[in-house]
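Enquirer: Got a structure for you, questions after.
The values are calculated or read from the model by the stated rules, or taken from the named source; none is laboratory data. The model shown is predicted, which means the values in this text are computed figures rather than measured ones. Note that each Cβ is placed from the backbone with ideal geometry, even for glycine, and that neighbours are counted across all protein chains shown.
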Amino acid sequence: MAAKKGGSRSDLALIASRGLIDSRRLFYFYHVARSGRFTTAEALLGVAQSAISRQIQVLESDLGVQLLERTGHGVKLTPHGEILYRHAAEILDEMVQTISELEAHSNTTIEKLCVAGPPSFMSSYMPDIIARFSKLYPDIMLSAVEASTGNVYLHLANGEVDVAVVIQTPKNAKISLQKLMEEPLFLIVGKDHPLALSPQVARKKVEDLDMILPASLLGSMAIIKNYFDEEGISLRPRLEVDSLPLTRQLVAQGRMATILPKSTCTEEIRKGELVAVPLVPEPRRTVYLAELRERQSSPYLQQFIDIAIEVVSKLNK
């Protein structure tokens with residue numbers, strides 16, 4: 001059949017000429033629209049409000065319409081925003097399913113397993129997990145992604161990884177969780193800090209310290225905040241840092257303190273550069289392995305999970 005000459009272009013060409021919707025911007029818009037607040041989206045995604053707002057503004061520019069209106073209590077959807085919101089969840093789900101189907105029907109003979117986790121877990125446990133897994137399955141390509149807590153969840157929700165290490169449990173029925181470990185949090189100080197020789201530190205006393213805490217409101221920061229909220233303590237950290245190596249270096253200088261599990265500072269504690277002081281009462285965090293229920297995951301995923309559980313259990317004895 002001869003191609004039509006003149007007339008309107010195909011629907012696909014028309015869509016291409018108008019531009020496509022950026023998936024990350026759509027993801028940010030969906031969570032802001034769903035919660036009605038930029039602050040809630042920031043806490044869920046671990047991404048600064050300014051960055052989320054900027055990406056939504058670009059999305060509005062891309063589409064040529066206003067999607068959100070700011071109010072005294074948050075944001076509300078414009079009529080155009082209502083239309084996009086109705087389709088956003090379906091679009092994002094379709095993208096995840098498409099990626100899964102492409103991977104499932106890939107012609108490549110190389111098996112691949114993808115995992116994402118926060119810096120604290122990746123530096124403390126992942127080297128041993130990877131070493132054991134690679135020894136047992138040398139032909140499997142293993143991809144390990146280190147990211148902030150919010151972005152770890154984003155990698156999982158977008159179907160970019162088979163399994164993710166999460167600290168705060170996502171409220172999503174599409175995600176399957178398996179408890180990996182529970183560990184206490186300690187006040188971490190330098191060897192010359194005034195509290196370095198203390199047998200323990202009361203929660204109330206931390207209020208007066210120069211603290212370094214995570215910038216992200218997810219993960220350990222959410223646990224720390226809830227811990228101090230129980231006693232009506234509002235922490236005002238001197239610094240907010242999402243880099244674990246930088247946090248350790250700053251604390252080792254002696255003046256500042258932070259709150260971390262011992263496992264994140266094992267080498268520095270062994271060398272005497274850092275000291276882990278128990279907090280009273282003891283705060284604890286639970287770490288989970290999370291995967292999408294509907295994702296066509298690697299057949300080696302369960303073996304990886306079993307190895308992760310064994311390694312974590314052994315290192316925490």
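Enquirer: Would you check which residues across the stretch 165-198 are modelled with pLDDT of 85 or more and touching a Phe, Trp or Tyr at 6+ places or on another chain (Cβ under 7 Å) and list them?
Expert: Val165, Val166, Leu177, Gln178, Lys179, Leu180
Enquirer: Inspect all residues belonging to the stretch 84-95 and state whether any of them is assigned to a helix (DSSP H, G or I), β-branched (Val, Ile, Thr), out of contact with any Leu (no Cβ under 8 Å at 6 or more places or on another chain) and within 19 Å of His155 (Cα to Cα).
Expert: No - not one qualifying residue is present in the stretch 84-95.
Enquirer: Let me ask something else about it. Does Leu136 satisfy being farther than 30 Å from Val241 by Cβ and loosely packed, with under 13 Cβ neighbours inside 10 Å?
Expert: yes
Yes/no matrix, rows are residues, columns are (1) free of Cβ contacts under 8 Å to residues at least 24 places away in the same chain; (2) more than 27 Å from Val161 (Cβ to Cβ); (3) in contact with a strand residue (DSSP E or B) (Cβ under 8 Å, 6 or more places away or on another chain):
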| site | (1), (2), (3) |
| --- | --- |
| Pro237 | no, yes, yes |
| Ser263 | no, no, yes |
| Thr266 | no, no, no |
| Pro278 | no, yes, yes |
| Ala290 | no, no, yes |
| Val312 | no, no, yes |
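Enquirer: Residues of the stretch 264-275 being on the phi < 0 side of the Ramachandran plot and surrounded by fewer than 20 Cβ atoms within 10 Å (Cβ to Cβ), which ones?
Expert: Residues satisfying the conditions are Thr266, Glu267, Glu268, Ile269, Arg270, Lys271, Glu273.
Enquirer: Within the stretch 132-149, is even one residue assigned to a loop (DSSP other than H, G, I, E, B), outside the structural domain of Lys225 (by TED's automatic domain parsing), more than 17 Å from Ser298 (Cα to Cα) and of a type in the set (D, E, K, R)?
Expert: Within the stretch 132-149, none of the residues are assigned to a loop (DSSP other than H, G, I, E, B), outside the structural domain of Lys225 (by TED's automatic domain parsing), more than 17 Å from Ser298 (Cα to Cα) and of a type in the set (D, E, K, R).
Enquirer: Kindly check whether there is at least one residue in the stretch 206-214 that is under 15 Å from Leu279 (Cα atoms), of a type outside the set (A, V, I, L, M) and in contact with a Leu (Cβ under 8 Å, 6 or more places away or on another chain).
Expert: Yes: one or more hits.
Enquirer: Sticking with this one: Given the condition touching a residue at least 40 places away in the same chain (Cβ under 8 Å) and either out of contact with any helix residue (DSSP H, G or I) (no Cβ under 8 Å at 6 or more places or on another chain) or loosely packed, with under 14 Cβ neighbours inside 10 Å (or both), answer yes or no: does some residue in the stretch 50-68 qualify?
Expert: no
Enquirer: State yes or no: is Val189 under 15 Å from Val115 (Cα atoms) and either touching a residue at least 40 places away in the same chain (Cβ under 8 Å) or in the same structural domain as Gly46 (by TED's automatic domain parsing) (or both)?
Expert: Considered against the rule, which asks whether it is under 15 Å from Val115 (Cα atoms) and either touching a residue at least 40 places away in the same chain (Cβ under 8 Å) or in the same structural domain as Gly46 (by TED's automatic domain parsing) (or both), Val189 comes out as no.
Enquirer: Quick one: is Ser176 over 25 Å from Glu94 (Cα atoms) and of a type in the set (Gly, Ala, Ser)?
Expert: Answer is no for this residue.
Enquirer: Counting only residues that are in contact with a Ser or Thr (Cβ under 9 Å, 6 or more places away or on another chain), within 25 Å of Val241 (Cβ to Cβ) and of a type in the set (D, E, K, R), how many does the stretch 149-204 have?
Expert: Of the residues in that region, 2 qualify.
Enquirer: Regarding Lys76, is this residue over 24 Å from His155 (Cα atoms), loosely packed, with under 14 Cβ neighbours inside 10 Å and not assigned by TED's automatic domain parsing to the domain that holds Val32?
Expert: no
Enquirer: So, restricting to strands (runs of 3 or more DSSP E) that lie completely within the stretch 232-297, which ones have at least 1 residues that are charged (D, E, K, R)?
Expert: Passing ranges, in order: 284-292.
A quick yes/no check of all residues on (1) aliphatic (A, V, I, L, M); (2) within 26 Å of Cys265 (Cα to Cα):
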position	(1), (2)
Ser123	no, yes
Pro127	no, yes
Ser134	no, yes
Leu142	yes, yes
Ser148	no, yes
Leu156	yes, no
Glu160	no, no
Val163	yes, yes
Lys179	no, yes
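Enquirer: If you take the residues in the stretch 297-317 that are within 21 Å of the chain's Cα centre (by Cα) and not hydroxyl-bearing (Ser, Thr, Tyr), which one is surrounded by the most Cβ atoms within 10 Å (Cβ to Cβ)?
Expert: Ala308
Enquirer: Which is crowded, with 19+ Cβ neighbours inside 10 Å and among the hydroxyl-bearing types (Ser, Thr, Tyr), of Thr258, Thr286?
Expert: The match here is Thr258.
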